[in-house]
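Q: The following block contains the structure, expressed as structure tokens.
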Amino acid sequence: MFSQRQAAVNRARLPTPELADFASPWLGIGGCSTDAISEAQRGNGETTRTRCTAGIVTSYWITYRNLTDRDAAHARYRTQAMSTPELAAGATAPTQQIAAGRRVQYIEYAYRIPSGDRAGHIVAATWWSDPTKPVAGVFTCYWNDLASSWTPLRDLWTQADTAPGQR
């Protein structure tokens with residue numbers, strides 16, 4: 001099946017087995033490549049970042065140096081989520097959820113692109129992490145491409161609970 005083969009190809013592109021295990025429920029869609037960005041361009045505490053694309057959505061699979069750095073990222077996104085309703089109505093409050101049988105920290109947030117070709121556009125994102133490991137996942141998409149609704153991102157995120165053969 002295509003999604004199983006795609007998942008195997010993408011899994012091989014992730015830098016650590018721990019990150020591959022965390023990302024595995026979502027690897028059957030799109031294609032992944034290691035982001036060719038400098039350490040200075042990565043978020044604080046990030047050691048690796050792998051970018052995957054699936055249509056209008058971009059996902060990032062991130063490893064952090066340690067849990068403290070991952071927790072700092074979690075705090076930044078929680079803060080960003082507080083202003084999200086002004087940009088992208090309908091975001092849920094930060095919470096803990098279950099994905100593929102695992103408890104995760106889950107945040108929906110949005111931000112406005114500050115400069116460049118897409119200046120002023122709003123990006124909607126979901127960020128989640130395993131509370132016991134220094135790894136996280138992020139889905140991003142332009143708010144207009146989502147028809148100003150969180151539903152498409154949430155639907156993609158909940159695919160983790162569907163076995164590859166059932167998709």
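Q: Taking just the alpha carbons, could you work out the radius of gyration and Dmax for the chain, both in angstroms?
A: When restricted to the Cα atoms of the chain, Rg and Dmax are 15.2, 42 Å.
Q: Using a 1.4 angstrom probe, figure out how much accessible area the chain has per residue, in square angstrom, rounded to the nearest whole.
A: Working: 8300 Å² over 167 residues.
Ligands and nucleic acids excluded, the figure is 50 Å² per residue.
Q: On to the next question. At 7 Å along Cα-to-Cβ for each site, give me the label-to-label distance between residue 118 and residue 103 in nm.
A: It works out to 3.4 nm between the two label points.
Q: Just to check I understand the Karplus step: with θ = phi - 60° and J = 6.51 cos²θ - 1.76 cosθ + 1.60, what whole-Hz values come out for region 105-111, glycine and proline as x?
A: Per residue, the Karplus-derived 3J(HN,Hα) values read 8, 10, 9, 9, 8, 9, 8 Hz.
Q: So, with +1 on the Cβ of K and R and -1 on the Cβ of D and E, and no other charges, what is the size of the charge dipole of region 92-152 about its Cα centre, to the nearest 20 debye?
A: On the way: 5 positive and 4 negative charges, 39 e Å.
Dipole about the Cα centre, nearest 20: 180 debye.
Q: Mind checking the dipole of region 1-103: about its Cα centre, +1 per Lys or Arg Cβ, -1 per Asp or Glu Cβ, Debye to the nearest 20? Intermediate results must be reported in sequence, preceding the final value.
A: Working: 12 positive and 8 negative charges, 41 e Å.
With Lys and Arg at +1 and Asp and Glu at -1, about 200 debye.
Q: Once the piece of chain linking residue 12 and residue 155 is laid out straight, how much longer is it, given 0.36 nm per residue of separation minus the C-alpha distance between them? Don't jump to the answer; show the numbers that get you there.
A: Values: separation 143, 0.36 × 143 = 51.48 nm, distance 2.51 nm.
Here the answer is 49.0 nm.
Q: Using a simple spin-label model with points 7 Å from Cα along the Cα→Cβ vector, what separation in nm is obtained for residue 34 and residue 65?
A: Each label point is offset 7 Å from its Cα along the Cβ direction, giving 2.0 nm.
Q: Under the rule of -39500 (n - 2.57) per DSSP H run of 4 or more residues, summed and divided by the residues of the chain, what mean residue ellipticity at 222 nm is obtained, to the nearest 500 deg cm²/dmol?
A: Numbers: 5 runs with 46 residues, N = 167.
Per the formula, -8000 deg cm²/dmol.
Q: Explain nothing, just the number: relative contact order of the chain, from Cα pairs under 8 Å at least 6 residues apart, as a whole percent.
A: Relative contact order for the chain comes out at 20 percent.
Q: Okay, moving on. Tabulate in residue order the Karplus-calculated ³J(HN,Hα) for region 145-155, using 6.51 cos²θ - 1.76 cosθ + 1.60 with θ = phi - 60°, rounded to whole Hz; enter x for Gly and Pro.
A: So the Karplus estimates, Gly and Pro as x, are 5, 8, 6, 6, 9, 7, 3, x, 5, 5, 4 Hz.
Q: Would you work out which of 110, 132, 16 lies farthest towards the positive end of the dipole of the chain? Charges go on Cβ: Lys and Arg +1, Asp and Glu -1.
A: Farthest towards the positive end: 16.
Q: A further question on this structure: Counting only protein heavy atoms and a 1.4 Å probe, tell me what percentage of the chain's accessible area is made up of carbon and sulfur.
A: 50
Q: By residue number, which cysteines of the chain lack any other Cys whose Cβ falls under 4.7 Å from their Cβ?
A: Flagged as lacking a Cys partner: 141.
Q: Among 79, 122, 3, whose Cα projects farthest towards the positive end of the dipole of the chain, with charges put on the beta-carbon of Lys, Arg (+1) and Asp, Glu (-1)?
A: Among 79, 122, 3, the one farthest towards the positive end of the dipole of the chain is 3.
Q: Additional query: Could you list which residues have their amide H under 5 Å from that of residue 121, counting only those 5 or more apart in sequence or on another chain, with H placed in the peptide plane?
A: 113
Q: For a quick size check, give me the Cα extents of region 75-134 along its three principal axes, largest first, whole Å.
A: Rounded to whole Å, the extents work out to 39, 23, 20 Å.
The values are calculated or read from the model by the stated rules, or taken from the named source; none is laboratory data. No experiment lies behind these values; they were computed from the predicted model shown. Here the Cβ is made from the backbone with ideal geometry for all residues, glycine too, and neighbour counts use every protein chain on show. These accessible areas exclude ligands, DNA and RNA; they are computed on the full protein's heavy atoms, side chains included. Shrake-Rupley method; radii C 1.70, N 1.55, O 1.52, S 1.80 Å.
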